[in-house]
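S.K.: Quick one: structure below, then a few questions.
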């Protein structure tokens, strides 16, 4: 097997035309260079230099090996640089999972910061609900993911995960602007006869609404379902129902009014999770970027954890 150290020495000898000059440039003794060239010749099975009393002359094989070897050494040096950059967190690949409302309010600013700080890193983004992204984190298909948990729908986290709180967001009742509840702090029981707009059946948001209404003595009459909060709020603006919307998903649309519940404030808690055993050096930078963005998002019914 060819020794890359010996190959580098051969390239330098061909370049300088001298064992002594190659030794000086490489920081070796002339004797060490001579020994390395002899070892290389034994490895390839051919004499590479014609040795004379005060000079050497490279054989055609040496010229060919030095030409191709220089290319290989340059590629190896580049690879070595990439490995060092990856270990130092300056380069590499980071795979992030997130849910839709965080995708629009949190993730873009965090990605912008990461891209500015780590321009050579490759960052991949996948969007889905926590039930879908958590298994991908556990199997290593994603490095980290943003997930949420409602007060009335708590989650248990697998012990393999590190869970970092990012923020807490209030749940807001959203009604048409001309609704009587828009003039007062609403109580949930005041809306028991309304048509509700909820997320898909079985999601944490829909379960939270059902449990919240049950605690107030009624079952919500759900007329429409969508996991897109822009659609939900547009339906409210159209006057076809009321909804419970997390603060990250809320936008002040004309024709609507939003407020937290009176006497029963509820929150959705946002976390970033990753496998504790994951050694990706970009993880720390990603978590720090997300925390910084969330700290600056405080206000408008969004609070620190």
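S.K.: Residue 131 versus (1) over 15 Å from residue 246 (Cα atoms); (2) touching a strand residue (DSSP E or B) at 6+ places or on another chain (Cβ under 8 Å); (3) outside the structural domain of residue 244 (by TED's automatic domain parsing): which is the lone unmet condition?
M.R.: (2)
S.K.: Being at pLDDT below 85 and out of contact with any helix residue (DSSP H, G or I) (no Cβ under 8 Å at 6 or more places or on another chain) is the requirement here; does residue 67 meet it? Steps first, answer last, please.
M.R.: Details: at pLDDT below 85: yes; out of contact with any helix residue (DSSP H, G or I) (no Cβ under 8 Å at 6 or more places or on another chain): yes.
Considered against the rule, which asks whether it is at pLDDT below 85 and out of contact with any helix residue (DSSP H, G or I) (no Cβ under 8 Å at 6 or more places or on another chain), residue 67 comes out as yes.
S.K.: Further question: Quick check on segment 187-214: of everything there that is under 15 Å from residue 266 (Cβ atoms) and free of Cβ contacts under 8 Å to residues at least 24 places away in the same chain, which residue is surrounded by the most Cβ atoms within 10 Å (Cβ to Cβ)?
M.R.: Going through the qualifying residues, I end up with 206.
S.K.: Specify the residue that is modelled with the lowest pLDDT; the eligible residues are those in segment 210-227 that are assigned to a loop (DSSP other than H, G, I, E, B) and closer than 15 Å to residue 199 by Cα. Walk me through how you get there before you give the answer.
M.R.: Kept after step one, since they are assigned to a loop (DSSP other than H, G, I, E, B), are these residues of segment 210-227: 216-220, 226-227.
With the extra rule that they be closer than 15 Å to residue 199 by Cα, the set shrinks to 220, 226-227.
Working: 220: 95, 226: 94, 227: 91.
In this case the residue turns out to be 227.
S.K.: I would also like to ask the following. Got a sec? Which of 206, 223, 238 is in the same structural domain as residue 256 (by TED's automatic domain parsing) and under 19 Å from residue 153 (Cβ atoms)?
M.R.: Working: 223 fails: under 19 Å from residue 153 (Cβ atoms); 238 fails: under 19 Å from residue 153 (Cβ atoms).
One residue alone meets the criteria, 206.
One line per residue, one yes/no per condition, for (1) over 19 Å from residue 70 (Cα atoms); (2) outside any helix (DSSP H, G or I); (3) assigned by TED's automatic domain parsing to the domain that holds residue 71:
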site: 10; (1), (2), (3): no, no, yes
site: 14; (1), (2), (3): no, no, yes
site: 20; (1), (2), (3): yes, no, yes
site: 25; (1), (2), (3): no, no, yes
site: 33; (1), (2), (3): no, no, yes
site: 36; (1), (2), (3): no, no, yes
site: 39; (1), (2), (3): no, no, yes
site: 42; (1), (2), (3): yes, no, yes
site: 50; (1), (2), (3): yes, yes, yes
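S.K.: Looking only at strands (runs of 3 or more DSSP E) that fall completely inside segment 104-184, which ones have 1 or more residues that are crowded, with 19+ Cβ neighbours inside 10 Å and over 20 Å from the mean Cα position of the chain (by Cα)?
M.R.: Numbers: elements: 120-127, 144-150, 161-176.
Ranges flagged: 144-150, 161-176.
The values are calculated or read from the model by the stated rules, or taken from the named source; none is laboratory data. Just so it is clear, the model here is predicted, and its values are computed rather than measured. Heads up, the Cβs are rebuilt from the backbone with ideal geometry, glycines too, and the neighbour counts pull from every protein chain shown.
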